[in-house]
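The structure appears right after this line, and notes come after that.
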Amino acid sequence: MAVPTNMRTGAVLGGRRRWTKWIQWIIIVVVLGEMVFLFHLDQLNGEYFNFKSFAALNFSLDNDVEHRAEVIHKDDSVNRSNNESCEEWLEKNDFLGYGRNFSKSPIHVAFGENQVWDSCAVGCKFRSTVSESFRPDGVLRAASGLPSWMEKESCHILRSMESSSYYPENDLTSARKRGYDVVMTTSLESEVPVGYFSWAEYDLMSPVSRKTEGAYAAAFISNCGAHNFRLEALEGLKAQGVRIDSYGQCLRTREGRGVNKLQTLRRYKFSLAFENSNEDDYVTEKFWQSLVAGSVPVVVGAPNIDNFSPAPNALLHIKSLNDIPAVARQIKYLASNFTAYNETLRYVT
């Protein structure tokens, strides 16, 4: 005997309603179970748990649970006032203040005759002699340079952004052997690395300008006694037919006085980012300014420069003088191929 269509439909709908009700109850039981578990877990940890964070859920708690939530929530540090926005509350609670009031208790810094400092990031007072910078208990507060004696309670810090090729005392192993507790150099192996890059200073995403100069590349080199082969590389590229405008003191072909370097680089397809020494992690403004200017950097410098590149094809690296012919061919190819050249700047878009 055939069952009428309307009866079959009613049975299906009735089954769906029953399943819908069961699913709702299952969800409520699971959520309540999680809340009870978290509540007991926080009690074990000795911390407060804020049940009000679950206010967005579409169900009501029984009076007993609500009462316990209110008791637990008595900690004023997690309450927001009626006039306080979420952003203000987050900023207030995320703020990490100094444990020391540097206005009332400034750092005393002793420095020699040749030091030129006039401010600090925190409150400080400068002293003309080391003796004035001792605490009452005889421990040195702060001084420029490493003293001839070593106090166990003092922290000795070396900070420099110059390469160890020019300043051997900046070598990490040497600095640590001489007693420095914290070394701050461009090396990423320093306790506190201090590189040249800064998001605040270098806008790598700035629009690329139209290249209007006839020469392929620009160079700004004024230290003609560098501890690498950068001048030989410049001459080698020229010998391979790469036209270069040199604005610095070395091998100058264009007047560089009064020239805005960044604005000048924007007009060239390539920039010679030639450092004064080849040292891992020693990557100065020469490289970063090239990227900001939208001028493909041709690098002589850090062997690990690829680690600093915004994209695999965003630079050309001259590792040795033997690389010059290949790099020169690549420069001329990219300069004559609009599509290929734009691929090197694709990271900007």
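On a per residue basis, the convex hull of the C-alpha atoms belonging to the range 155-195 measures out at 54 Å³.
When the P(r) of the range 239-343 is calculated, the portion above 24 Å amounts to 20% of the C-alpha pairs.
Okay, which of the range 261-304 sit inside 13 Å, backbone N to the point 7 Å along the Cα-Cβ direction of Glu169? Output list for this probe position: empty. Taking amide H positions as modeled 1.01 Å from N, with prolines and chain starts lacking one, the residues under 5 Å from Thr186 and 5 or more places away or on another chain are Val194.
Dipole magnitude for the range 152-229: about 120 debye, using +1 per Lys or Arg Cβ and -1 per Asp or Glu Cβ, origin at the Cα centre. Grab the beta carbon distance between Asn322 and Leu204, set R0 = 45 Å, and tell me the FRET efficiency rounded to 0.05. E between Asn322 and Leu204, to the nearest 0.05, is 0.90.
Just so you know, all these numbers are worked out from the coordinates, no wet-lab data involved. Quick caveat, the model's predicted, so the values are computed rather than measured. When we count neighbours, we look across all protein chains shown, and the Cβ atoms used for this are built from the backbone with ideal geometry, even at glycine.
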